[in-house]
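Q: I have a structure I would like to understand better, so I am pasting it below and will then ask my questions one at a time.
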Amino acid sequence: MLAPWHDFWGCAGGPVARLAPQIRILAGMALFAACLTAPAGTALGAGFIPVVALSWIAVCGVPRRVTKSLVLLGLAMFLPYFLLAPLLVGWRAAIADASAWTRAFTAPWDVFLHGLAGMVVATATAATLSASDLRRGLVALPVPRVFAAVLIQIVHQTSGLQFESKRVAAALAVRGATSGGRTALRVLTSLPQIWLPRIIGHADRIASAMELRGYAESDPCVFGRAAIRTADIASILAALGSLGLATALRCRWIA
Amino acid sequence: MNSRHALAFEDVSVRYESGAVPVLSDVTFSISAGERTAILGLNGSGKTTLLMAAVGLVGHEGGISVCGIPVGRDTVAKVREKIGFLFNVPEDQLLFPLVIEDAAFGLLARGQARGEAYRRAGKALDDLGSGGLAGWPIHKLSHGQKLRVALAGALVTRPPLLLLDEPSAGLDPPGKKALSQVLEGLDAAILVASHDLEFVERLCRRFIAIDDGRIVYDGEDLSAVRRKWGMEDAQAGS
């Protein structure tokens, strides 16, 4: 039984995956912020951002197959922004002023570099966290309990939703005698009538089970806290250092 | 209501909306400690609603008590501590990513130390023939495995009352036999909602049939239920 969503969580096996879960989350957040803060328009900034993102992927130990899919997805998401450049220039300005092209590419380049790096860092961080790690990490951080509980259950229950969606698609394909794109279209149009009520029913039953098993009332740390070691402290300091460097680059404290 | 009863219903009615036709009407029965009873009924007869009412998941009129504790808003937490519950879709009650975490949760939530909780959860899984699944992620399990894990989570706290909703649904014949053998070895009172007559015949000594939310039979003769369902001929021919 394949569950790509669940198989992705915790698939990384690098040194970062051995840190305390809360440190992985915090370091990932700091590096995500660093990638977004560093300026894409300067040579130092444009060098800093990919170095941070690629280094994080490497120390997280994200499998090559996942990294490739991730980068391809990122390129597909952010490269099209460059198509907007001609619209930003305007043909009269393009003829009159060659530097107008440089200016027109600034915004798409910003979006591309920040977006791709941010996505890579966030996904690599998620790849170091299994669903259990995510729960242990979130409950150790000062995040609102409801937010943590909802996020944990979203991750945990998503494979159920995937299978439910596959079952709906299979039933529609068989009963409607369609395949490929037509099935996809039917599934899409059936969302309000078929998929949504099923999902609501599913959510209702899970809510009953949570109530019955005392999920909300239980101590969120029942499964224990991970101990913080020297490597955890060094990692979080390095991540915060990167964020500090990105801030310095943004504020032009480093030319 | 007698405190020796693991579960007692007294003139219980359930309506999902006020003024609507009741899903359960004037249901009265009790189950003694250690007694194994089946609630039988066709689809939509009210079996699941009856179990839900017993744990306070649906409101009711009349009196329900579990081990002498009346089921009410203020007592529902105490009542639930006395009950192990198996939903009819077991995956709905698996709330944690790893099998051992899910099985141990009931003990951890009651303040049991982690090592001891995991040891007992491992034993509960072992007893159900699922000891090898302890480190597995829930989403990798088959239906039958999920059912056993859910049951381990319900049994691990050693509750005096087990409420099982369609526990044999989706199990193969050896799986059903193994499940009934495990349940037979427990001291707890068991109420099984099912329409699997073969399974409940193996497990239970008492049968309560409900139809349209009313008890229509309460006794030890399963053939009476078969006759009601028009299955006597099929049984004789098989």
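The values are calculated or read from the model by the stated rules, or taken from the named source; none is laboratory data. What you see is a predicted model, and the numbers here were worked out from it, not measured in a lab. Positions of Cβ are backbone-derived with ideal geometry, glycine not excepted, and every protein chain shown enters the neighbour counts.
Q: Can B:Gly129 be described as outside the structural domain of B:Val225 (by TED's automatic domain parsing), over 19 Å from A:Tyr215 (Cα atoms) and not in a helix (DSSP H, G or I)?
A: Spelling it out, B:Gly129 is indeed outside the structural domain of B:Val225 (by TED's automatic domain parsing), over 19 Å from A:Tyr215 (Cα atoms) and not in a helix (DSSP H, G or I).
Q: If I filter the stretch A:205-216 for residues that are more than 30 Å from B:Gly84 (Cβ to Cβ) and part of a helix (DSSP H, G or I), do I get at least one hit?
A: No, because not a single residue in the stretch A:205-216 is more than 30 Å from B:Gly84 (Cβ to Cβ) and part of a helix (DSSP H, G or I).
Q: Another question about this same structure. Only residues that are buried (at least 23 other Cβ atoms within 10 Å of the Cβ) and of a type in the set (Gly, Ala, Ser): list them for the stretch B:134-164, please.
A: B:Ala150, B:Ala152, B:Gly153, B:Ala154, listed by residue number.
Q: Follow-up question, since we're still on this one. Among the residues of the stretch B:144-176, write down those that are within 13 Å of B:Asn88 (Cα to Cα) and not in a helix (DSSP H, G or I).
A: If the condition is that a residue be within 13 Å of B:Asn88 (Cα to Cα) and not in a helix (DSSP H, G or I), then B:Leu163, B:Leu164, B:Asp165, B:Glu166, B:Pro167, B:Ser168, B:Ala169, B:Gly170, B:Leu171 are the ones that fit.
Q: Could I ask something else about it? Of everything in the stretch B:32-64, what is under 22 Å from B:Arg202 (Cα atoms) and either of a type in the set (Asp, Glu) or not assigned by TED's automatic domain parsing to the domain that holds B:Asp187 (or both)? Give them in sequence order.
A: Answer for the stretch B:32-64, where residues must be under 22 Å from B:Arg202 (Cα atoms) and either of a type in the set (Asp, Glu) or not assigned by TED's automatic domain parsing to the domain that holds B:Asp187 (or both): just B:Glu35.
Q: Considering the stretch A:134-147 alone, what residues qualify as being more than 9 Å from chain B (Cβ to nearest Cβ) and modelled with pLDDT of 85 or more?
A: A:Arg136, A:Gly137, A:Leu138, A:Val139, A:Ala140, A:Leu141, A:Pro142, A:Val143, A:Pro144, A:Phe147
Q: Now, a different point. May I ask you to verify whether A:Val51 is under 21 Å from A:Leu31 (Cβ atoms), in the same structural domain as A:Arg103 (by TED's automatic domain parsing), in contact (Cβ under 8 Å) with a residue 12 or more places away in the chain and among the β-branched types (Val, Ile, Thr)?
A: On the way: under 21 Å from A:Leu31 (Cβ atoms): yes; in the same structural domain as A:Arg103 (by TED's automatic domain parsing): yes; in contact (Cβ under 8 Å) with a residue 12 or more places away in the chain: no; among the β-branched types (Val, Ile, Thr): yes.
No.
Q: Tell me the residue from B:Val192, B:Val216, B:Val182 that is β-branched (Val, Ile, Thr) and over 16 Å from B:Leu42 (Cα atoms), please. So that I can check it myself, show each step before the final result.
A: Numbers: B:Val192 fails: over 16 Å from B:Leu42 (Cα atoms); B:Val216 fails: over 16 Å from B:Leu42 (Cα atoms).
Within the list B:Val192, B:Val216, B:Val182, the selection yields B:Val182.
Q: Here's something else I'd like to know. Here are some residues: A:Val66, A:Val51. Which one is loosely packed, with under 15 Cβ neighbours inside 10 Å, in a helix (DSSP H, G or I) and hydrophobic (A, V, I, L, M, F, W, C)?
A: From the options A:Val66, A:Val51, the qualifying one is A:Val51.
Q: On to the next question. Select, from A:Gly74, A:Gly28, A:Gly61, A:Gly10, the only residue that is touching a residue at least 24 places away in the same chain (Cβ under 8 Å) and more than 15 Å from the chain's Cα centre (by Cα).
A: Only one candidate passes the filter, namely A:Gly61.
Q: Please enumerate the residues belonging to the stretch A:112-133 that are in a helix (DSSP H, G or I) and touching a Pro at 6+ places or on another chain (Cβ under 7 Å).
A: Passing the criteria: A:Ala117, A:Ala131, A:Ser132, A:Asp133.
Q: Report yes if some residue within the stretch B:186-193 is modelled with pLDDT of 90 or more and within 14 Å of chain A (Cβ to nearest Cβ); otherwise report no.
A: Checking the stretch B:186-193: not a single residue is modelled with pLDDT of 90 or more and within 14 Å of chain A (Cβ to nearest Cβ).
To keep it simple, each residue is scored yes or no on (1) over 30 Å from B:Arg119 (Cα atoms); (2) under 28 Å from the mean Cα position of the chain (by Cα); (3) more than 14 Å from chain B (Cβ to nearest Cβ).
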site	(1), (2), (3)
A:Leu185	yes, yes, yes
A:Leu191	yes, yes, yes
A:Arg198	yes, yes, no
A:Glu211	no, no, no
A:Arg229	no, yes, yes
A:Leu237	yes, yes, yes
A:Leu240	yes, yes, yes
A:Leu245	yes, yes, yes
A:Ile254	yes, no, yes
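Q: Mind listing just one residue for me: the one in the stretch B:81-109 that is among the acidic types (Asp, Glu) and more than 8 Å from chain A (Cβ to nearest Cβ) and, of those, nearest to B:Leu147 (Cα to Cα)?
A: The first filter runs over the stretch B:81-109 and keeps only residues among the acidic types (Asp, Glu), leaving B:81, B:91-92, B:101-102.
Okay, now just the ones that are also more than 8 Å from chain A (Cβ to nearest Cβ), so B:81, B:102.
Numbers: B:Glu81: 20, B:Asp102: 12 Å.
Within the stretch B:81-109, the match that is nearest to B:Leu147 (Cα to Cα) is B:Asp102.
Q: Select from the stretch A:18-48 the residues that are of a type in the set (S, T, N, Q) and either closer than 15 Å to A:Phe112 by Cβ or buried (at least 16 other Cβ atoms within 10 Å of the Cβ) (or both) and list them in ascending order.
A: Scanning the stretch A:18-48 gives A:Gln22, A:Thr37.
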